[in-house]
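Quick notes on the structure that follows.
Each reported figure results from applying straightforward, stated rules to the coordinates on display, with no laboratory input. Remember, it's a predicted structure, so these values are computed and weren't measured experimentally. Neighbour counts are summed over all protein chains in view; Cβ atoms, including those assigned to glycine, are modelled from backbone coordinates with ideal geometry.
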Amino acid sequence: MFDINIVLAYGVTFGILLMSILFTAIRYVYLKELFYLAYCLMQIFSLAYIVIYSQFFEIPPIFKEISLGFATIFAIIFAFAFFKVEFIPIFKSIKELMIFTAFLIFVLATVFYHYMLFEYLPYSVVYFLLFLSVIFNIKDGVKPTLIYVVGWSFVCLFLYIIQFKTLYVRSGYVDLVLVAFAIEAILFTFSLANKQKELKNQNINYENMLLHQSRLAKSGAMIGNIAHQWRQPLNNLSYIFMNIKTRFENGKLKQDYFDKKFMQANEQLQFMSKTIDDFKDFYTPAKNKEDFLVKESINKALTILNASLKQQRVDLTLTFHTSEVSKIYGISNEFSQVILTLIKNSIEALSNQEYPKIDIDVYSNHSSLIVKISDNGAGISKKELPKLFKPYFTTKEDGFGIGLYLVKTIIEDSFKGTIEAKPLKKGLEFIITIEKSF
């Protein structure tokens, strides 16, 4: 029979480890971070170790050593994955070398006491590697790891001062490793909270960087499209002025001819002015969501791309298989940006086609509006298809790889809809599904 207090202590430890395993396993499933998986596996083998160590079950001792070995391996993987910087320092002076040497001696002494106190190698390994990483990278911002390391250091220092192990053993307890499991779980929870905050801030910075790059790309696209739209009016103005000059030099410039050419030139200038207004309205972000006409929003994008479509001789067809006054809720310009990006993507895919064609088909059912944009371009391989909406994935030499990523973000976050890409026998089809307004 086992002492009830010992059984209770082991029971609490088993519970802590199981909660830690479950927590990190769920985190890994959702976040796919390696350090969650490594920590989870370390704790699984730690649980196996402590179960065998407890002698509650008749398990050969060799399995305890195997569990300890695997727990140590995954402890090393966890330490390197948790702190993704250099573990080997670069010294710029003798002074730095002496300071780091002193720190290293302190680390070794502390880790040695940590192991002598708890006699559990995996946790001592994690403590040692993370302690080193903090010291060698203190200037780079190490708050999550610092909490873990400082926590263990204060615990070890405090227990050393009060001679905790001697008192613990004198009191009749021999399983001090159970205390290590409890402390490890507490410190890791605090470190993890800060690590999650750090990862969240990194994601926010990443999103801001993508948006900044997107704005730069849009500015370049806007200038390029304006240049395309203005090319023909400028040519017309050139011919008008040449005709006026020729008539004037030959003494044949009459008032009615001059007035006629003046009106023609004015029409071209008004067209160019309207082009600027159209582009300004298109690229100016709206702030308020509202019900808007899908057809109107699509036509905005087509107006912007009109010159590119003509230049590439693309046959574009817009067909409504539902009411032409169908509406959806959101920001009209954002939806236009989505359509513009998808059509531009199709235009680029059609660059080598003899008869380039783009079809935009709009359908609806009882609750949703469906927009399909298809082309007869080069398409995409099945291998590349899953990466299509990933940031920085591009098949173009001069591409940024953020256009389709932002399209997916707008459709899913702003319109609460879905977008998918479907390879065709020849070409590619994008399918957008959004809840329609009633």
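As an exercise, take the mean of 1/r over every pair of distinct alpha carbons in segment 286-435, invert it, and state the Kirkwood radius in angstroms. Across segment 286-435, the inverse of the average 1/r is 15.7 Å. Here the label points at Ser437 and Lys425, each 7 Å from Cα along the C-beta direction, are separated by 4.0 nm in the simple model. Computed extension length for Lys357-Asn243: 37.2 nm, one decimal, from 0.36 nm per residue of separation with the Cα-Cα distance subtracted.
Here is the list for segment 349-435: chymotrypsin sites (Phe, Trp or Tyr not before Pro) lying in DSSP coil, each with at most 13 other C-beta atoms within 10 angstrom of its C-beta, are Tyr392. Our summary gives segment 238-365 a relative contact order of 28 percent, counting only alpha carbon pairs under 8 angstrom and 6 or more residues apart. Modelled label positions at Lys295 and Phe262, each set 7 Å beyond Cα in the direction of Cβ, lie 4.0 nm from each other.
The GluC sites (Glu not before Pro) found in segment 21-70 that occupy coil by DSSP, while having at most 14 further C-beta atoms within 10 Å, are Glu58. With R₀ fixed at 35 Å, the C-beta to C-beta distance from Glu198 to Ser273 puts the FRET efficiency at about 0.10. Relative contact order for segment 286-435: 23 percent, from Cα pairs under 8 Å spaced at least 6 residues apart, divided by residue count.
Extension gain for Ala182 to Ile62 (0.36 nm times residue separation, less C-alpha to C-alpha distance): 40.7 nm.
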